[in-house]
1. For region 300-361, take N as its residue count and report Rg(C-alpha) divided by 2.2 N^0.38 Å.
2. Report the net charge of residues surrounding GLU185, where surrounding means a beta-carbon distance below 14 angstrom and charges are Lys +1, Arg +1, Asp -1, Glu -1.
3. Using Cβ-Cβ distances only, list the Cys residues of the chain with no partner cysteine under 4.7 Å, sorted by number.
4. In the chain, what % of DSSP beta bridges are antiparallel (nearest 5)?
5. Find how much the distance from SER259 to ILE395 grows on full extension, using 0.36 nm per residue of separation minus their present alpha carbon separation; answer in nm with one decimal.
6. Order of SER167, SER12 from fewest to most other C-beta atoms within 10 Å?
7. What is the spin-label model distance, in nm, from LYS350 to LYS200 if the labels are put 7 Å beyond Cα along the C-beta direction?
8. Would you tally the net charge around ILE394, using a Cβ to Cβ cut-off of less than 14 Å, leaving ILE394 out, and scoring K and R as +1, D and E as -1?
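Quick note: the coordinates plus some simple rules give every number you see, no bench work behind them. Note that the coordinates shown come from a computational prediction; the quantities given were computed from them, not determined experimentally. Please note: Cβ atoms are built from the backbone with ideal geometry, for glycine as well, and neighbour counts cover all protein chains shown.
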Amino acid sequence: MHDLVIVGNIVSENGKIHGSIAIDDGKITGISIGTLRGEETINLGRGQAVLPGLIDVHTHLRDFTEKSKESVRTGTMAAVHGGITTVFDMPNTKPPIIDAATLRRREKAFMGKAYSNYALGFLLAGNCVEAKGANADFYKIFMGASTGGMFSEDFEGDYSCAPGVVSVHAEDQAIIAERPERPPEAEVLAIKRALNAAEKFGKPLNICHVSTAAGMTEILRAELPQVSFEVTPHHLFLTRGDYERNPLLKVYPPLRTESDRAFLWKNFSRIPLIASDHAPHTLEDKEGGAAGIPGLETEVALLLDATNRGLLGIEDIVEKMHTNPVRAFGIRGKGIHKGMDADLTVVDLKREWRVRPEEFYSESKWSPWEGKKLKGKVIMTVIRGNVVMEEDEIIGKPQGARIDVGDNRA
Ligand SMILES: [Zn+2]
């Protein structure tokens, strides 16, 4: 008899089956196409499916001196509400995470307060010595200034010294300083420089939020196995036209043309990672011109809705938000296999609902998709065998833990 058994459609990197997942002491202890017996059993209905816990490799959770924008608590509540079991915490906080002491402070901010699991980022900008002793889970480099204003004056130097996987915001500083509207060339030039460096040093590199057809073309053409990249839901579902109608949609990199958006969809199968770039601001700051869009509570549902419209398959969500994040960042202990942590995301593909930002757990109570009806919803989130969210309700105490990236700290 197992602690908990979930019976229904299971979608994992190994494909789709109908069967049972058994969980004991927070770990997956059995997977069967037959029926396993548990002290507690969750039977999923038709149109519902259990996926491996989804991972968002790009979120800004603010906290520190910016708790009015978001805190670890509200940001990770938003994560599990949206079906995300692990968030990657970006280090351009106030103060920024640029030394070992601040990273330790960040870890303390997460311990006992995080509802989802987390990976801790470190901001690299000429502080290589500090980075080596910091023991972060990944390293962030801004090639050009974004929220927080810090950027790397020497990308190759910072990247080559990074003691682990680097995520890079690729927009060229010289271009964006002159042209604050951030034209496509800013992204394309920075991506070319990043790819040259990746080829030269052969180290893992993740290029954040690729938004242009030309930028993505460069990455695909380079075919470097050590390079991964993200695309955001807002670049997949919105364009510059939407921004012209709604100035709150200001974001870096900016929303692009319909032809850029069409290119992302045409090459959707070649996008390795989908990440929200969840970037909460107060409405007041947004109205004052702050760049960023909150996304944790809409991203999976938007992809489910697109699945219902035939734009992708549910296995694409697993690939781009679980399997590839695990691979790109060397995450250990996750996935629907025996012996792994029982982190699971349960979705209902048929459920229709309307986006109501006032019901978000995020402090950021607005959304580009406010009022939009979506078909497909996350209905349950499980972390190490505990149901932490069910039907929009957060259950129990924060149980998130720091992830294990093993020896990605090369
Ligand atoms: Zn970001």
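1. Relative to the rule-of-thumb radius for its length, region 300-361 sits at 1.34.
2. -2
3. By the Cβ distance rule, which asks for a partner under 4.7 Å, the isolated cysteines are CYS208.
4. On the way: 36 of 69 bridges.
Roughly 50 percent of the beta bridges in the chain run antiparallel, per DSSP.
5. Residue separation times 0.36 nm, minus the Cα-Cα distance, leaves 44.7 nm.
6. SER12, SER167
7. A separation of 5.7 nm, rounded to one decimal place.
8. Within the 14 Å Cβ shell, the charges total -3.
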